[in-house]
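Trainee: Pasting a structure below so you can have a look.
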Amino acid sequence: GDSSVTWQDGVLIARHLAGVRGANLIADMGGTNLNADNVAAHIAAGVAAGELDMDGANGTTLADGIMLTRYLLGMRAGDGITTRMSATAEATVISNIEALVQ
């Protein structure tokens, strides 16, 4: 996505993990040169490599994308990153995300 608007990456991942494809995947996302097929292929590669499992709960789900979006919006420990998304400790999820985004 557009690196100046990092929350969009989380939204794109959440949409992809929810099964959204084509024009709807990139709808209302800013930035330049966004191509739905390229975005989907890039995210699918991250899923296949196990890089998008934010909570270590065996498998990538929509919840992983939502937790990543929350992190990219500035939420941290105590802000509810995992609320209704995972039983994994917030500190663990944040550590996993930080290893991914660094």
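The values are calculated or read from the model by the stated rules, or taken from the named source; none is laboratory data. Small disclaimer: the values here were computed from a predicted structure and weren't measured. Heads up: the accessible areas ignore ligands, DNA and RNA and are worked out on the full protein's heavy atoms, side chains in. Shrake-Rupley method; radii C 1.70, N 1.55, O 1.52, S 1.80 Å.
Trainee: Of all the helices (runs of 4 or more DSSP H) wholly in segment 23-95, which have at least 1 residues that are of a type in the set (D, E, K, R) and either farther than 17 Å from L12 by Cα or open to solvent by 70 Å² or more (accessible area, probe 1.4 Å) (or both)?
Mentor: Working: elements: 23-26, 36-48, 62-72.
In segment 23-95, the matching helices (runs of 4 or more DSSP H) lie at 36-48.
Trainee: Return the residue satisfying two criteria in turn: it lies in segment 1-11 and is in a loop (DSSP other than H, G, I, E, B) and among the small types (G, A, S), and of such residues it is modelled with the highest pLDDT.
Mentor: If we filter segment 1-11 for residues that are in a loop (DSSP other than H, G, I, E, B), which is where we start, we get 1-6.
With among the small types (G, A, S) added as a condition, the list becomes 1, 3-4.
Values: G1: 46, S3: 50, S4: 55.
Filtering segment 1-11 for residues that are in a loop (DSSP other than H, G, I, E, B) and among the small types (G, A, S), the one modelled with the highest pLDDT comes out as S4.
Trainee: Would you confirm, using the coordinates I've provided, whether A14 is open to solvent by 30 Å² or more (accessible area, probe 1.4 Å) and part of a helix (DSSP H, G or I)? Lay out the reasoning, then the answer.
Mentor: On the way: open to solvent by 30 Å² or more (accessible area, probe 1.4 Å): no; part of a helix (DSSP H, G or I): yes.
Answer is no for this residue.
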